[in-house]
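Report on one structure; see the data block that follows.
The values are calculated or read from the model by the stated rules, or taken from the named source; none is laboratory data. Note that the structure is predicted; figures quoted are calculated from it, not measured. Ideal geometry is used to build each Cβ from the backbone, glycine not excepted, and the neighbour counts take in all protein chains shown.
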2 protein chains.
Amino acid sequence: MSSARKTAAIVGGGVIGGGWAARFLLNGWNVNVFDPDPDAERKLSEVIANARRALPGLYDRALPEEGALTFYGDMAKAVAGVDWVQESVPEQLALKHKVLGALSDLAPETAVIGSSTSGFKPSELNAAGARAIVAHPFNPVYLLPLVELVGLPERIGPATEILRSVGMFPLVLRKEIDAHIADRLLEAVWRESLWLVKDGVATTEEIDEAIRMAFGIRWAQMGLFETYRIAGGEAGMKHFMAQFGPALSWPWTKLMDVPEFTPELVDLIAGQSDAQSGHMSIRQLERLRDDNIVGMLRALKRSGSGAGGVVTGHEAALGQTNIGQTGTKDGLPVTARRQVPACWTDYNGHMNETHYLEAASLATDRLMEMVGAGADYISAGRSYFTVESHIRYLEEVRAGERITVTTQVLQGTGKKMHLFHRLWRGDDVLAATIEVLLLHTDLSTRRSSLPAQPVAEALAELAGKHAQIESTGAGRFVGERPPGG
Amino acid sequence: MSSARKTAAIVGGGVIGGGWAARFLLNGWNVNVFDPDPDAERKLSEVIANARRALPGLYDRALPEEGALTFYGDMAKAVAGVDWVQESVPEQLALKHKVLGALSDLAPETAVIGSSTSGFKPSELNAAGARAIVAHPFNPVYLLPLVELVGLPERIGPATEILRSVGMFPLVLRKEIDAHIADRLLEAVWRESLWLVKDGVATTEEIDEAIRMAFGIRWAQMGLFETYRIAGGEAGMKHFMAQFGPALSWPWTKLMDVPEFTPELVDLIAGQSDAQSGHMSIRQLERLRDDNIVGMLRALKRSGSGAGGVVTGHEAALGQTNIGQTGTKDGLPVTARRQVPACWTDYNGHMNETHYLEAASLATDRLMEMVGAGADYISAGRSYFTVESHIRYLEEVRAGERITVTTQVLQGTGKKMHLFHRLWRGDDVLAATIEVLLLHTDLSTRRSSLPAQPVAEALAELAGKHAQIESTGAGRFVGERPPGG
């Protein structure tokens, strides 16, 4: 498959460039990096290390095999034959002109040339003849899906498709505008916050609490307008606007003025920020942030709201191109292959017992798909319900480790589906066995029933194939000594 | 205990007043409501119904028994003898003066009188002689912890304590200021967003996506400043400010102007909002929002960040005043009593198999606490690791239903702790049994070891007490037929 890999060139490897590199790399792209900074390789490796421990935890399926990461000292070589070029150099228009101009000459005509600019418009970026689009991402780029796209429609189209394929959410702007959309909103909050600190109304920590204890939580799953629509109650958006419209002309903001960035203000804010967060290193803060984001996005996957829906959609696409029907191990189908997210671990510093069962439960779902009892079958009113399970915990598993699950069909006749999952740490350390008995169920009556003929046949076929394979550990009761043990 | 219950008076029972009522009620307070609106009782009941399905799902312990909800047609009777009065009438200063003045005369001298005002300062609210403080909450009040407190220190102190006891996060302002802190930030975003819509740059839906796909997720767990501190990378906050300070004077916002609220702008926004969210009723949107918030806050409980930390702290307090050591059922300790959150259910419309085990795992933690192997014991380097479990799923359980878990100690000698959990739907439908074998483990060597003497003794004592109780369903293997079955 490696001949089909696509390649991205990352020009400028700071926090944003590194985030782009990680996003592409962990989605199976080869990544070429060009950055004259002698420290670039170290910095970028740290971003990628963060991404490796966080991004796979979003998904209940394995990401593609990582691509190859190569550093180039020559920009022309870095962009030769690539599919995407991402420029993330500092926010100086003259520098952007120089770099984007060179990239437009050197990169293949078919390659998208994206600029990570926070504020410049395509007309400004391309004033010296470049052919870039704005592709503005958000830190951490490997976790947050938003990319604001601005530019010519014929260039935006292919970019959109590529971004979706690496799990991102392209938002195409209708018009070019300074700072696009999100940064205009951020800028407004930033200004108002600077005034609050400067005027001694609140510290940086108090402002952060005001955000994360209230509207930050609302905005992670719905935005401003949908939240206000709800606040309007049954009377809806017009009612809300009638109620809160007048406040617009009240003196609720100081936004008409721009606070001057004096050394005193910088010291005040930096000092307050140290008092608030100085007990943790930036690396620790990044990991805390990433674990929080992964945990929240996993929660949003349930409803499909916002970024949770993006993750679910990407995961479904992974299922089609990835392991599943085809992968086997020891003669058994591989029904899960994934990384353990930090939120699956507990106070003992290892994967909590609950999530061994969760991994097995997802493997059962996968086996159901394989025998034709997937989402469509369930929507049509039939499913399998678990009636009994038995778990043997054999080895500890830690956050970030990869696990593989194989599934043996012990019995698949009548209403019964009797499965024996083996959960491997990596590929070859048996960490648990999970034996499960399920009964086919009619979802309207909630009573057991016979499965559809094709499902019964597929299951019987697997049971036949698996009958010769040993199943040590199945059929045991809790506390039973192993034979000879 | 009901003589020790505190009472809150809710004056004005709309979305905000109803949210306050629900917050107090579900935390065991009696609630008196005064609202002349003939429709108030219906509206408030709907908010409380939402709260009943969402708030308990935040916690892995039961909330206190609900208090009594009473509607009064007479303000004096509603506030007689209460501990807290919360005013949530419309945002008109003359009306606030009238209501707060009356409340200050009628309510006990010891009662806190809080105003939910979004914008007015205490000096304005009390200009006609009232003694109110600002206690400004955020919708949904029963889920979001933030309350901005502004007023005299001697009134703020007791208010702070009460708010913490009902799971909220009081943020005390250093100075009074129009619109306090959070609404100043919201107002800035609201103004900028109105311009973006008015100028045709983005629709309401696009703006919501720009928020919830990116910075909304960041802000739910850290705020603005901590996020920017990280963005500065290793060089920290000063570096960030040096990098993005200059942009403050660039034309990134239109905030110097206030958009005029013409009928055309109202229609444009209301129409876009209908296109975005009109396929769902307000009630559906509220429930989606609440389920999302509960799921995300449960994820944040893992790290204790932001509102997750507030929930964890409140839960610990619930453990001390609530069930646990004392509660028993059928001669066995009650080790869990809780409501099933929506995020525990799956595509089959019932609690997923994984969460039966999660409930049992939390019950095991509770039993460990009871025998002296709680958080302190684990911090000191010893714990119990599960080596085997067996689950029988007997009945379906749905979101919002209450479950109770009892724990029988089958064996507690040497390194072994052999438990038999019964999971009841409500109090009397046996929905599952979970049999678990754990081994005492030294956390530094990760090898099994003997427990501390007091733990061994407490466990042996429980095992002795429980030996006479039957344990039908224990010692079974998967698929074994029940005796005589």
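Evaluate the following for A:I269: is it facing chain B (nearest Cβ under 7 Å), touching a Leu at 6+ places or on another chain (Cβ under 9 Å) and modelled with pLDDT of 75 or more?
Numbers: facing chain B (nearest Cβ under 7 Å): yes; touching a Leu at 6+ places or on another chain (Cβ under 9 Å): yes; modelled with pLDDT of 75 or more: yes.
Answer is yes for this residue.
Can you say whether A:T406 is in contact with a His (Cβ under 9 Å, 6 or more places away or on another chain) and in the same structural domain as A:C343 (by TED's automatic domain parsing), as far as the supplied structure shows?
On the way: in contact with a His (Cβ under 9 Å, 6 or more places away or on another chain): yes; in the same structural domain as A:C343 (by TED's automatic domain parsing): yes.
For A:T406, the condition - in contact with a His (Cβ under 9 Å, 6 or more places away or on another chain) and in the same structural domain as A:C343 (by TED's automatic domain parsing) - is met.
Each residue in segment B:279-301 was checked for being buried (at least 24 other Cβ atoms within 10 Å of the Cβ) and among the hydroxyl-bearing types (S, T, Y), and 0 pass. Just one of (1) more than 9 Å from chain B (Cβ to nearest Cβ); (2) under 30 Å from B:M296 (Cα atoms); (3) of a type outside the set (K, R); (4) touching a residue at least 12 places away in the same chain (Cβ under 8 Å) fails for A:C343. It is (1). Specify which of the listed residues (B:T406, B:T441) is at pLDDT 95 or above, of a type in the set (S, T, Y), closer than 24 Å to A:E395 by Cβ and part of a strand (DSSP E or B). From the options B:T406, B:T441, the qualifying one is B:T441.
Could you look through segment A:368-421, keep only residues that are of a type in the set (V, I, T) and within 8 Å of chain B (Cβ to nearest Cβ), and pick out the one that is nearest to B:G479 (Cα to Cα)? First the steps, then the outcome.
Here is the first cut: in segment A:368-421, the ones of a type in the set (V, I, T) are A:371, A:378, A:386-387, A:391, A:397, A:403-407, A:409, A:413.
Pick out the ones that are also within 8 Å of chain B (Cβ to nearest Cβ) and you get A:378, A:386-387, A:391.
Values: A:I378: 24, A:T386: 11, A:V387: 9, A:I391: 14 Å.
Checked segment A:368-421; the qualifying residue nearest to B:G479 (Cα to Cα) is A:V387.
Answer yes or no: is there a residue in segment A:117-134 that is hydroxyl-bearing (S, T, Y), surrounded by fewer than 19 Cβ atoms within 10 Å (Cβ to Cβ) and farther than 30 Å from A:V311 by Cα. So far as segment A:117-134 goes, yes, one or more of its residues are hydroxyl-bearing (S, T, Y), surrounded by fewer than 19 Cβ atoms within 10 Å (Cβ to Cβ) and farther than 30 Å from A:V311 by Cα. Pairs linking a residue in segment B:179-208 that is more than 7 Å from every other protein chain (Cβ to nearest Cβ) to a residue that is at pLDDT below 90 and assigned to a helix (DSSP H, G or I), with Cβ atoms under 6 Å and 6 or more positions apart or on different chains, are B:V197/B:I269; B:K198/B:L265; B:T203/B:Q272; B:E205/B:Q276. Restricting the first member to segment A:444-457 and to residues that are outside the structural domain of A:G374 (by TED's automatic domain parsing), and the second to residues that are assigned to a loop (DSSP other than H, G, I, E, B), no beta-carbon pair is closer than 7 Å while six or more apart or on different chains.
Take the conditions (1) crowded, with 20+ Cβ neighbours inside 10 Å; (2) closer than 30 Å to A:L297 by Cβ; (3) at pLDDT 95 or above; B:R422 misses just one of them, which is (2). Can you find a residue in segment A:318-326 that is in a helix (DSSP H, G or I), more than 7 Å from every other protein chain (Cβ to nearest Cβ) and modelled with pLDDT of 75 or more? Checked against the condition, which is being in a helix (DSSP H, G or I), more than 7 Å from every other protein chain (Cβ to nearest Cβ) and modelled with pLDDT of 75 or more, segment A:318-326 yields at least one hit.
Within segment B:72-89, the set of residues being surrounded by fewer than 16 Cβ atoms within 10 Å (Cβ to Cβ), charged (D, E, K, R) and assigned to a loop (DSSP other than H, G, I, E, B) comprises B:D74 only.
Please determine whether any residue of segment B:358-380 is hydroxyl-bearing (S, T, Y), without any contact (Cβ under 8 Å) to a residue 24 or more places away in the chain and in a loop (DSSP other than H, G, I, E, B). There is no residue in segment B:358-380 that is hydroxyl-bearing (S, T, Y), without any contact (Cβ under 8 Å) to a residue 24 or more places away in the chain and in a loop (DSSP other than H, G, I, E, B). The set of residues from segment A:422-438 being assigned to a loop (DSSP other than H, G, I, E, B) and either facing another protein chain (nearest Cβ under 10 Å) or touching a strand residue (DSSP E or B) at 6+ places or on another chain (Cβ under 7 Å) (or both) comprises A:G426, A:D427.
Quick one: in segment A:1-49, of everything that is of a type in the set (F, W, Y) and under 15 Å from A:S115 (Cα atoms), which residue is surrounded by the most Cβ atoms within 10 Å (Cβ to Cβ)?
A:W20
Scanning segment B:20-57 for residues that are free of Cβ contacts under 8 Å to residues at least 24 places away in the same chain and under 16 Å from the mean Cα position of the chain (by Cα) turns up just one, B:A49.
Only helices (runs of 4 or more DSSP H) wholly contained in segment B:124-241 count here; list those with 2 or more residues that are modelled with pLDDT under 95, within 27 Å of A:S281 (Cα to Cα) and among the aliphatic types (A, V, I, L, M).
Details: elements: B:153-165, B:182-198, B:204-210, B:216-219, B:224-231.
The qualifying helices (runs of 4 or more DSSP H) are B:224-231.
Is it the case that A:V294 is at pLDDT 85 or above, in a helix (DSSP H, G or I) and touching a Lys or Arg at 6+ places or on another chain (Cβ under 6 Å)? It is false that A:V294 is at pLDDT 85 or above, in a helix (DSSP H, G or I) and touching a Lys or Arg at 6+ places or on another chain (Cβ under 6 Å). Do we have B:G349 as in a loop (DSSP other than H, G, I, E, B), without any contact (Cβ under 8 Å) to a residue 40 or more places away in the chain and within 11 Å of another protein chain (Cβ to nearest Cβ) here? Answer is no for this residue. Residues in segment A:463-482 that are under 12 Å from A:R392 (Cα atoms) and either outside any loop (DSSP other than H, G, I, E, B) or in the same structural domain as A:V334 (by TED's automatic domain parsing) (or both): A:F477 alone. Output the residue which, of all residues in segment B:242-266 that are facing chain A (nearest Cβ under 7 Å) and in a helix (DSSP H, G or I), is modelled with the highest pLDDT. That would be B:V266.
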